[in-house]
Amino acid sequence: MPDEKSYSPGLEGVVAGISSVSEVDPEKSMLIYRGYDVHELAERATYEEVVYLLLMGKLPNRKELSEFTGFIGHERHIPGDLMDMIQAYPDTAHPMDALRSAVSALGLYDKTTSDLSHNATVEKAMKLIAKIPTIIAASHRFRADLDVVDPDPRMTCAESFLHLLTGKKPDPLAVRALDVSLVLYAEHSFNASTFAARVTASTLSDYYSSIVSAIGTLKGPLHGGANEEAIKMMLEIGSPAKAEAWTLEALAKKRLIMGFGHRVYKKGDSRVPIMRKLGQELGEKLNQPQWHQMAQIIEEVMWREKKLPPNVDFPCGYVYYMLKLPIPLYTPIFAASRVAGWSAHIIEQYEHNRIMRPTNIYNGPKEVTFTPLEQRP
Ligand code: CMC
């Protein structure tokens, strides 16, 4: 029988698989995607190159990239029936719930849903990576009583997303900032949503079901939902002058400070320096330095009081705010990027599969005498 000694709450430190997709090195605060340092990828590669790297295992050459982006560009449309379904979702639906439901419905329209082969899964992944931004933007515009924008196949993923959302040609500064955040959000080893996707795939369930599991898991505020909560917190604080007192008071009340702490990184999240620098630069260019200033103060207090560094969701929150992205879309945007990593893991799981089936310690009653229905009080 399993005993308490072999139990790790929250599966902390448990090795649940072997993967060649990415590695988090908490000692060096380093993250690599298929061997490449994420800092170098964020600086020198586009989101499309990173998606190719994650799915195919290597960086594309010029021809491969052009074919890949061409395919994604032409796959942005979603079936008319699905568009009608999205329009019919209640106005009160959370965008992550709308996204989860729409991805689930997409599986109904794919005649190859039950094909788990490598090539079929890669193709499904490429199509879904193309369609998720269309779903998020359409769902947002329906709720706002705006006409849905037709996707432009020539645009990059970041450019297209901003265009689908606003109907306007986006500013290159915003495109670049969003692209960097997509690169950083694309993959992060055995995090909760990726693990959820792998658990579903391990039963040999289909690709869409695995992604739906992942979206539902990402939604929670302890995971992807933290980027929305982080900016709401900064808006509540209001100004850098109030940041120190607010944070101290929140800590005294044992409040969770969203965007801080991490299960794996204890010295610092590898992605934060890139987003922080981006946040500072954007703040200067857009004349909104207060967000970076406030963030610096909160970070300083959190380190001094709790030795807790920020995670990527903290700077992402205020970077997205400066880009004028609607707050309820921050976590769906995270999903639009992370679908690349989820897909790479699902492919890997199918290729080296053994069903995930852990065990537990039973702490309920034993040897209870059965009472017939008519004698129960
Ligand atoms: N604010 C205040 N205290 C915190 C925080 C925080 N953000 N994070 C951890 N702590 C405290 C926690 O209360 C605990 O204190 P004590 O030992 O006195 O009980 C201690 O630090 C250790 O934390 P833990 O809860 O054991 O850490 P965990 O590994 O179980 O949880 C976490 C990790 C990320 C869920 C947690 O740090 C947290 O809830 N952070 C806020 C939500 C957040 O930012 N999530 C994003 C995660 S990273 C990116 C992503 O996945 O999207």
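The values are calculated or read from the model by the stated rules, or taken from the named source; none is laboratory data. Quick caveat, the model's predicted, so the values are computed rather than measured. The accessibility values were calculated without ligands, DNA or RNA, using every heavy atom of the protein model including side chains. Shrake-Rupley method; radii C 1.70, N 1.55, O 1.52, S 1.80 Å.
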Q. Per 20 Å bin, what percent of the C-alpha pairs of the chain does each bin hold, from zero upward?
A. 27, 56, 15, 2
Q: Starting from the Kirkwood radius over alpha-carbon pairs of segment 1-69, derive D by Stokes-Einstein at 20 °C in a medium of 1.002 mPa s and give it in µm² s⁻¹.
A: 147 µm²/s
(Q) Between segment 10-61 and segment 153-216, how far is it from one alpha carbon centroid to the other, in angstrom? (A) 15 Å
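Please compute the alpha carbon radius of gyration of segment 28-134, then divide it by the globular-protein estimate 2.2 N^0.38 Å. Two decimals is fine.
Normalised Rg, Cα atoms only: 1.26.
Of the heavy-atom accessible surface of the chain (probe 1.4 angstrom), what whole percent is carbon and sulfur?
54 percent
Which value does Rg/Rh take for segment 103-260 over its C-alpha atoms, Rh per Kirkwood?
On the way: Rg = 19.0 Å, Rh = 18.4 Å.
Rounded to two decimals, Rg over Rh is 1.03.
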Q. Working from the pairwise distances between different alpha carbons, so that the mean of 1/r is found and then inverted, what is segment 209-291's Kirkwood radius in Å?
A. 14.8 Å
Q: Determine the per residue accessible area of the chain with all protein chains present and a 1.4 angstrom probe, expressed in square angstrom.
A: 50 Å²
